[in-house]
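Here the structure comes first, spelled out in structure tokens, and everything after it is commentary.
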Amino acid sequence: MYAVLGGSGLSQLPGFEVTKRKVQRTPYGEPSGALTIGMLAGHEIVFLARHGYGHTIAPHQINYRANLWALSQLEIDGILSVASVGGIRPDLKPGQLVVPDQILDYTHGRAATFFEGDNQAVSHIDFTWPYDQALRTALCLAADSVGEQVVQGGCYACTQGPRLETAAEVKRLARDGADIVGMTGMPEAALARELEIPYAHLALVVNQAAGVGESAQEISHAQISKTVHEGMGRVMGIIKSMVQLHDE
């Protein structure tokens with residue numbers, strides 16, 4: 001069974017038949033909401049909207065530890081993280097789908113590890129390749145099976161939010177090697193690694209980042225809304241294909 005973590009634009013799963021909602025208490029406080037378990041395309045998954053089911057939790061206020069710990073209490077085979085991002089690389093325009101293989105972390109002040117506290121042994125996880133390769137491959141195969149082209153590889157830069165970046169900040173991210181930018185990829189990916197849960201990102205580019213291409217002067221929120229509305233249906237097609245292929 002896969003877990004799907006929905007980001008902006010995916011607070012609900014179309015076609016998802018809910019069979020159970022589980023309120024999972026954690027040692028780290030409350031998750032973003034109840035874990036929703038049900039059937040998608042005839043296969044069982046668990047879904048959690050990281051911003052809350054009413055999209056009321058800002059990126060820097062998400063309780064990432066509670067979310068990941070709650071999911072770890074179920075028998076899941078991996079986490080499919082869906083995110084809306086800005087395209088830094090000029091060729092990554094709105095509507096493009098990306099399965100990144102690297103992360104740059106620019107966040108601060110977020111509870112970012114399970115390995116802290118009194119009498120808690122410190123563990124230095126290997127994070128050389130932050131995403132699970134097998135899960136990334138499965139995502140790409142699922143996309144191919146439904147005729148969707150995805151960019152395989154790329155570097156996701158995670159910023160603090162909730163504001164969007166300045167043009168100067170995006171130039172810095174580009175110099176650092178980032179291809180796309182979002183606000184929720186960390187510490188989510190690192191926490192999944194600490195819990196030894198396979199984790200991969202499916203990112204939908206919803207706008208060009210500040211100072212790039214069509215966003216040279218400003219970012220159009222109308223364009224973002226339009227791209228999210230059109231793109232999340234394609235994302236759902238990939239997720240449905242992936243859960244079907246997984247259970248074959």
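Restricting the search to segment 142-166, which residues are over 10 Å from D105 (Cα atoms), surrounded by 14 or more Cβ atoms within 10 Å (Cβ to Cβ) and small (G, A, S)?
A142, A143, S145, G153, G154, G161, listed by residue number.
Here is a yes/no grid of residues against (1) at positive phi; (2) assigned to a strand (DSSP E or B); (3) buried (at least 18 other Cβ atoms within 10 Å of the Cβ); (4) of a type in the set (S, T, Y):
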{"residue": "E30", "(1), (2), (3), (4)": "no, no, no, no"}
{"residue": "V46", "(1), (2), (3), (4)": "no, yes, yes, no"}
{"residue": "R65", "(1), (2), (3), (4)": "no, no, yes, no"}
{"residue": "L68", "(1), (2), (3), (4)": "no, no, yes, no"}
{"residue": "S84", "(1), (2), (3), (4)": "no, yes, yes, yes"}
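Residues to consider are A168, A209, A178, A189; find the one that is at pLDDT 95 or above and under 19 Å from L5 (Cβ atoms).
Matching residue, one of A168, A209, A178, A189: A189.
For the structure I just gave you, tell me whether T113 is among the hydroxyl-bearing types (S, T, Y) and closer than 18 Å to G185 by Cα. Quick ask: steps written out before the conclusion?
Details: among the hydroxyl-bearing types (S, T, Y): yes; closer than 18 Å to G185 by Cα: yes.
Answer is yes for this residue.
Restricting the search to segment 149-196, which residues are under 27 Å from R234 (Cβ atoms), without any contact (Cβ under 8 Å) to a residue 60 or more places away in the chain and in contact with a Gly (Cβ under 8 Å, 6 or more places away or on another chain)?
Matches in segment 149-196: C155, C158, T159.
Test each condition in (1) more than 22 Å from D77 (Cα to Cα); (2) touching a Leu at 6+ places or on another chain (Cβ under 9 Å) for L139 and report the one that comes out false.
(1)
Can you list residue pairs whose Cβ atoms sit under 6 Å apart, with the first residue in segment 99-113 being surrounded by 17 or more Cβ atoms within 10 Å (Cβ to Cβ) and the second being among the β-branched types (V, I, T)? Count only pairs 6 or more apart in sequence or on different chains.
V99/V150; Y106/T159
How many of the residues in segment 198-230 are farther than 20 Å from I88 by Cβ and touching a strand residue (DSSP E or B) at 6+ places or on another chain (Cβ under 6 Å)?
Residues that pass the stated criteria total 2.
Are any residues in segment 115-139 under 15 Å from L195 (Cβ atoms), loosely packed, with under 10 Cβ neighbours inside 10 Å and at pLDDT 95 or above, and if so, which ones?
D126
The values are calculated or read from the model by the stated rules, or taken from the named source; none is laboratory data. None of the values given here were measured: they were computed from a predicted structure. Note that each Cβ is placed from the backbone with ideal geometry, even for glycine, and that neighbours are counted across all protein chains shown.
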